[in-house]
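All of the numbers you see were taken from the coordinates with simple rules; none came from a lab. Predicted model only: the values in this text are computed from it and were never measured.
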Amino acid sequence: MTEKNTLKKSATLAAAGLVVAGALLAGCGESKATPMDDAYAGNSGETQKSQEEQSQSQSDSSNGSDSSSSQNDPSTTTSDKKDTGNYKDGDYSINGQYGPVGEDSIDVHLTIKDGNVENVEIVGHPSTKISKGHQDDFAKAINGVVDGKPLKGLKVDKVAGASWTSDAFNKALEVARQEASIQ
């Protein structure tokens, strides 16, 4: 009987441990997105500039891009602006972070014209080969899904089998709407 009781207690403790672990991990896979307005915006990490070159390129760049924000905190999912439903034309860059512990991200570069998505470019920052495959497939398919569509209310379902990448893209769209809004 004592051996049976020990097995029951072990099984109960194991089940309780799984419940606690599940509760702790429940919020870990949530996507995040922030406007990209720093020296690394769009940088895939393949090339690095010195601090001096970055400062020089920042002061030289005046390409008319409308993307800006006073926030760079990666834990935020929105900009400090409000979505008004009216959007100004321009190019917007947003970083969408995702994964169980936020280990993957995509840079979403949107061109908005007349309130519609004219073009999307995705630069992936995968943490694994599997993530790279999902990001590459997503990047190839996304223009066929969103080009020509109104930015207002735009949301994608799972594109090219990449559910987490699609979620991060949707968060980036939320931020793009806020950044592009005519206040």
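Before moving on, here are some points about what is shown:
- Computed Rg/Rh of the stretch 86-138, alpha carbon atoms with Kirkwood Rh: 1.09
- Ratio of Rg to Rh for the stretch 118-183: 0.98 [Cα atoms; Kirkwood radius as inverse mean 1/r over pairs].
- Under-5 Å amide H pairs with Asn116, H placed in peptide plane, nonlocal only: Leu151
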